[in-house]
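Written below as C-alpha cells is the structure these notes are about.
Taken together, the values in this text are just the output of simple stated rules run on the coordinates, not laboratory data. This one's a predicted model, so the numbers in the text were calculated from it and none came from an experiment. Every residue, glycine as well, gets a Cβ built from its backbone with ideal geometry; the counts of neighbours run over all protein chains shown.
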Amino acid sequence: MGKMMRQYWVPAAMSSELERDGAPMRLMLLGEQLIAFRDSSGRVGIMDHKCPHRCASLFLGRNEENGIRCVYHGWKYDADGNCVDTPNIAGDSDFKRHIKAKAYKTAERNGLVWVYMGERQEAPPPLPAIEATLLPESEVQIVFAQRECNWLQALEGDIDTSHFGFLHAGAISADMLAPDNIFRYTVTNRAPDYHVTDTEYGTMYAAHRAADDGQTYWRFANFMLPFWTQTPQGKFATHLHNRAWVPMDDHHTMFVSLRWRNEPAFVTSDKAGKLMPGFERVFDYLPNTTEWHGRWRLKARPENDWLVDREAQKTGGNFTGITGIHQQDQAITESMGPVTAHLFEHLAPSDRMIMATRRRLLKAARALVKEGAVPPGVDDPELMYAVRSGDFV
C-alpha cells in the first residue's frame, strides 16, 4: 500500500507553516522522518532529516542562503538535496558533487505544500486537479488535524453514512427540526438503503430514504484514490470540499480538509434556530511542538477520554457527550486502537461502502505490484476534477 501511496502527490503542510529562512520543521510522512524548510528564494525543500555525511539530524541545521546547513561539519544542501558546500574538506571542490541528500519533489498551490515521494523524481506526474485544491487561496479554508490511529480506519469514518444518525444525531428527533430542514430525514429513518459502486477514481455510495409526498432523500459521497473523501452534507452546486487522510505512519494520520469558504453552512439548528448540541465546529488544538507527531494535535485526546461530558450525554441532548462532529469521529476511530484488527469485525449490509473501498484499494495496489499498472488518477489529473458529493430530495 505504501508503494501505491507514493505514486500520488501528497499534501504535506500548510504554506504558512514554513517561513522563508525560518527553522526547519520535522515532518513524519508515509513512515519517513523528514524535514521541511523554505529557503531564501521561497522554495520549499523536503528531505530525509539525516545528513548524508554522518547522519546527524538536519533539523538542528541552519536554514540560510538558499540551503540547509548541517551544524556538525557545515555541509550544506539546497532544496533539491544537492550538496553545495563541504567547508571542512580542504582543497576538494569536486567532492560535494558526489553527495546528495534524499530529497523529494515539492509543489505549492493555493496555500498547500505538496510532496511527491515516488520513483519519478526527475519527471513527476502532474498535481491532481481536485476541485477544492484549485480554489483561490483567499476562498479556500484549510484545516489540519492529527488523529492517533491508522489512516484507513480514520478514512472509513467519513464514508460510513449510517453512523451519522447515531454518533452525531442520536439524541435528535424529527419534531425538533423545522419541516423544511432536509436533515430531518436522517433521523426519521436511521437505517438507509444503499447503492455502492466502483468508479474510475475510487468508490461512491448513494444512500436513500423515503421523504415526504412519495419523494426520496438521497445522500451521495465519494472515496477518491488514494486517501481522499467527500461527505454528503450540502448542495451539489456549492459543496466544494475534499478531505485527505494522509498516513504519517501506521499509527498516526493527518486529516487535511479543504473547503470553499463561500459555501452556505450545513443547517444543524432546531426550530428556534439554536445550534443542536454536539454539532459545534470545534478544532481546539494543543500548542504545536517540534516532535515528530507534534503538529495539529487536538486537546480532546485518548488520555482525557476525548473530554466526554457524561452529564451532557445523559441529559443535555448530546448522544455522545463529546463536543463537535470532528471530535466525535476522532474519539470513535481512535478508540478502536492504533490499527483495527479486521478479523474481529462483523461487517453488515450497512458497511457495503467500507467493503467496496477496501477492495478498491487492494485492487489498485495489487495491479501496481503485479502488473506495473499506474493507479487511477496519477497520470490523469482531470479524473478527479468536478467530482462532488451532496444531498437532495
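For the chain, with only Lys/Arg (+1) and Asp/Glu (-1) charged at the beta-carbon, what is the dipole magnitude about the Cα centre, in debye rounded to 20?
My answer is approximately 440 debye.
Order of L167, L155 from fewest to most other C-beta atoms within 10 Å?
L167, L155
Can you give the extra length, in nm with one decimal, that the chain gains between K370 and Y72 once fully stretched, where that is 0.36 nm per residue apart less the Cα-Cα distance?
102.9 nm
Ranking R219, R358, R97 by Cβ neighbours within 10 Å, fewest first, what do you get?
On the way: R219 23, R358 16, R97 11.
Fewest-to-most Cβ neighbours within 10 Å comes out as R97, R358, R219.
For the chain, what value does the Rg/Rh ratio take when both radii are computed over Cα atoms and Rh is the Kirkwood radius, given to two decimals?
1.01
Could you list W75, W114 so that the one with the fewest beta carbons within 10 Å of its beta carbon is first and the one with the most is last?
The order, fewest Cβ neighbours first, is W114, W75.
Compute the whole-percent fraction of alpha carbon pairs in the range 10-122 spaced more than 20 Å apart.
Everything past 20 Å amounts to 35 percent.
Can you give the three extents of the C-alpha atoms in the range 354-393 along their principal axes, from longest to shortest, in whole Å?
Per principal axis, max minus min of the Cα coordinates gives 44, 26, 7 Å.
May I ask you to compute the full-extension gain from L275 to Q141, defined as 0.36 nm times their residue separation minus their alpha-carbon distance, rounded to one decimal in nm?
Roughly 46.1 nm would be gained on extension.
For the charge dipole of the range 144-392, defined by +1 on Lys and Arg C-beta atoms and -1 on Asp and Glu C-beta atoms about the Cα centroid, which residue among M353, N150, A174 has the Cα displaced farthest towards the positive pole?
A174
Counting only helical runs of four or more DSSP H residues, what would the 222 nm mean residue ellipticity of the chain come to if each run contributes -39,500 (n - 2.57) and the total is spread over all its residues?
Helix contribution divided over all residues of the chain: -3500 deg cm²/dmol.
How much length is gained on full extension from L343 to K100, taking 0.36 nm per residue of separation minus their Cα-Cα distance?
Numbers: separation 243, 0.36 × 243 = 87.48 nm, distance 4.41 nm.
Working it through step by step, the gained length comes to 83.1 nm.
Among the listed pairs K50/K370; K3/K100; K105/K299; K50/K96; K50/K105, which have their C-alpha atoms separated by more than 27 angstrom in this model?
K50/K370; K105/K299
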